[in-house]
Amino acid sequence: MKEMSRRNQYFTESVIRRMTRIAIANNAINLAQGFPDFDPPKAMTDRLKEVCDQGPHQYPITMGAPNFRQALSKKCGHFMGITPDPEKEMVVTIGSTEAMVDTLFAITNPGDKVVMFSPYFENYHAQAIMADCEPVYVPLIPPEFNFDFQVLEDAMKQPGVKAILICNPSNPSGKVFTKAELTFIADLCKKYDVYAVMDEVYEHIVYEGHTHTYMATLPGMWERTISCSSLSKTYSVTGWRLGYALAPEPIMQRIKQYHDFNAVGCASPLMEAAVVGLEFPDSYYEEFGAHYAHMKKIFTDGLKSIGIPFTDPQGTYFVLANIGPYLRKGQTDVQFCEEMTEKVGVAAVPGTSFFKEDVQDIIRLHFAKKDETLYEALNRLADIKKKMC
Ligand SMILES: Cc1ncc(COP(=O)(O)O)c(C=O)c1O
């Protein structure tokens with residue numbers, strides 16, 4: 001048989017999604033893959049029931065149902081301060097995941113370099129490799145996850161750099177990039193003619209004292225920014241697989257082609273039901289933010305009282321915990337997470353899935369869970385020393 005594609009021959013499966021399978025097999029609480037165990041807003045599920053009877057059930061307009069795009073454009077105008085043209089500057093995708101892949105394929109050629117911060121969201125490395133691009137990593141330095149401006153500039157000015165890929169607010173570090181940091185990055189994008197590909201799925205999960213700045217709103221950046229985001233996190237509907245990309249028309253035209261031929265469109269009934277979410281008033285986002293602050297408090301207070309060191313997130317629903325005190329000699333973080341799932345009954349993601357640097361003592365846990373789930377997880381984690389050492 002002839003050789004199959006060389007592109008993905010060295011891929012492993014997603015560690016995050018593998019940990020979910022291990023969690024299910026061990027009946028463990030899954031704090032690995034980030035998804036809520038509470039319901040989406042009732043108005044959206046009620047509308048979905050109606051749509052089930054009324055339709056639509058057939059192929060949607062490829063670039064997204066018109067009423068969905070109009071509602072999204074209005075929401076963006078409200079929160080971003082940019083009102084993208086629903087016809088020309090927007091495409092609805094299968095989650096932000098597809099938006100990012102379509103974008104990378106649309107703007108890069110094989111051999112181009114893509115700058116990304118480390119730790120990075122697991123998908124980015126794979127997506128860059130699938131697009132035949134070479135990732136260039138710039139460290140975010142714990143515990144603040146700041147970056148060295150000179151190191152970033154040295155990376156951006158390398159020949160062949162086409163894009164910088166930024167997760168803001170950032171998974172897994174919980175960093176919310178400041179306006180000053182984004183302005184510095186924006187200036188480098190303009191100086192070295194680099195596209196900014198933004199993954200902003202946690203745009204509405206930002207804690208007190210921090211503010212989300214949309215890269216596309218900085219001077220001269222709409223022209224070279226592709227803003228990818230999603231309904232997954234904002235409306236607790238990770239399974240609906242609805243996301244989108246926003247970009248100026250010349251870039252969007254190219255992104256749409258990948259969506260057209262790869263996906264044909266997103267699920268018609270789900271787009272229809274999601275419109276009510278996109279039209280929610282400000283009070284929804286206020287309550288949503290307050291709920292996340294509440295879950296964060298339960299979880300981080302719990303970790304503190306158990307004595308597990310962790311970094312306090314500025315946004316997102318992740319904490320990076322230091323498992324150094326519990327690791328046995330020679331044990332890897334992957335082995336640790338598997339054993340912790342079996343013995344403690346809580347699943348986490350090993351840090352090596354996110355860091356380019358050689359770290360073995362970090363795991364990622366998420367807290368998008370009901371209060372009772374978080375208390376039970378903390379109850380189990382209280383035994384971590386006894387069960388793991
Ligand atoms: C940073 C980041 N981007 C994208 C995704 C996937 O988003 P979607 O469900 O919209 O594909 C996730 C999911 O965990 C994420 O953490």
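Could you please find all residues in the range 133-163 being within 17 Å of Cys189 (Cβ to Cβ) and either within 15 Å of the ligand (Cβ to nearest atom) or assigned to a helix (DSSP H, G or I) (or both)?
Phe149, Gln150, Val151, Leu152, Glu153, Asp154, Ala155, Met156
Within the range 98-127, restricting attention to residues that are of a type in the set (A, V, I, L, M, F, W, C) and within 14 Å of the ligand (Cβ to nearest atom), which residue is nearest to Lys256 (Cα to Cα)?
Ala99
Scan the range 35-45 and give yes if some residue there is within 30 Å of Pro110 (Cβ to Cβ), without any contact (Cβ under 8 Å) to a residue 60 or more places away in the chain and in a helix (DSSP H, G or I), otherwise no.
So far as the range 35-45 goes, no, none of its residues is within 30 Å of Pro110 (Cβ to Cβ), without any contact (Cβ under 8 Å) to a residue 60 or more places away in the chain and in a helix (DSSP H, G or I).
Identify the residue in the range 218-234 that is farther than 12 Å from Ile185 by Cα, part of a loop (DSSP other than H, G, I, E, B) and in contact with a Leu (Cβ under 8 Å, 6 or more places away or on another chain) and, among all such residues, is farthest from the ligand (Cβ to nearest atom).
Out of the qualifying residues, it is Leu231.
Among residues belonging to the range 184-196 that are crowded, with 19+ Cβ neighbours inside 10 Å and not in a strand (DSSP E or B), point out the one that is nearest to the ligand (Cβ to nearest atom).
Looking at the filtered set, the residue picked out is Ile185.
Read through the list (1) outside any loop (DSSP other than H, G, I, E, B); (2) away from the ligand (no atom under 16 Å from the Cβ); (3) free of Cβ contacts under 8 Å to residues at least 60 places away in the same chain, then give the number of the only condition that Leu48 fails.
(3)
State which residue is surrounded by the most Cβ atoms within 10 Å (Cβ to Cβ) when the search covers only the range 273-316 and only residues that are in contact with a helix residue (DSSP H, G or I) (Cβ under 6 Å, 6 or more places away or on another chain), touching a residue at least 60 places away in the same chain (Cβ under 8 Å) and within 23 Å of Ile16 (Cβ to Cβ).
Checked the range 273-316; the qualifying residue surrounded by the most Cβ atoms within 10 Å (Cβ to Cβ) is Phe299.
Suppose we filter the range 204-243 for residues that are within 22 Å of Leu152 (Cβ to Cβ) and within 12 Å of the chain's Cα centre (by Cα); how many remain?
Residues in the range 204-243 being within 22 Å of Leu152 (Cβ to Cβ) and within 12 Å of the chain's Cα centre (by Cα): 1 in total.
Check Ala245, Ala321, Ala293 and return the single one that is under 22 Å from Tyr202 (Cβ atoms) and not assigned by TED's automatic domain parsing to the domain that holds Leu374.
Being under 22 Å from Tyr202 (Cβ atoms) and not assigned by TED's automatic domain parsing to the domain that holds Leu374 holds for just one of Ala245, Ala321, Ala293, which is Ala245.
Anything in the range 98-128 that is within 18 Å of the chain's Cα centre (by Cα) and β-branched (Val, Ile, Thr)? List them, or say none.
Of everything in the range 98-128, those that are within 18 Å of the chain's Cα centre (by Cα) and β-branched (Val, Ile, Thr) turn out to be Val101, Thr103, Val114, Val115.
Does Lys386 satisfy the criteria of being more than 25 Å from Leu140 (Cβ to Cβ), free of Cβ contacts under 8 Å to residues at least 24 places away in the same chain and out of contact with any helix residue (DSSP H, G or I) (no Cβ under 7 Å at 6 or more places or on another chain)?
Yes: the conditions hold for Lys386.
Of the residues Gly34, Gly95, Gly64, only one is at pLDDT below 95, within 16 Å of the ligand (Cβ to nearest atom) and buried (at least 17 other Cβ atoms within 10 Å of the Cβ); which?
Result: Gly34 is the single residue among Gly34, Gly95, Gly64 that is at pLDDT below 95, within 16 Å of the ligand (Cβ to nearest atom) and buried (at least 17 other Cβ atoms within 10 Å of the Cβ).
So, of the residues in the range 144-154 that are under 20 Å from the mean Cα position of the chain (by Cα) and surrounded by fewer than 17 Cβ atoms within 10 Å (Cβ to Cβ), which turns out to be farthest from Leu165 (Cα to Cα)?
Glu144
Is it fair to say Ile363 is aliphatic (A, V, I, L, M) and either surrounded by fewer than 14 Cβ atoms within 10 Å (Cβ to Cβ) or part of a strand (DSSP E or B) (or both)?
yes
Pairs please, first residue from the range 111-140 and on the phi < 0 side of the Ramachandran plot, second anywhere and more than 16 Å from the ligand (Cβ to nearest atom) and acidic (Asp, Glu), Cβ atoms under 6 Å, 6+ apart in sequence or on different chains.
Lys113/Glu134; Cys133/Asp112
State all residues of the range 197-217 that are outside any loop (DSSP other than H, G, I, E, B), crowded, with 24+ Cβ neighbours inside 10 Å and of a type outside the set (Asp, Glu); if no residue qualifies, say none.
Val197, Met198, Met215, Ala216
The values are calculated or read from the model by the stated rules, or taken from the named source; none is laboratory data. The structure displayed is predicted, hence computed values, not measured ones. So basically every Cβ, Gly included, is an ideal-geometry build from the backbone, and we count neighbours across all protein chains shown.
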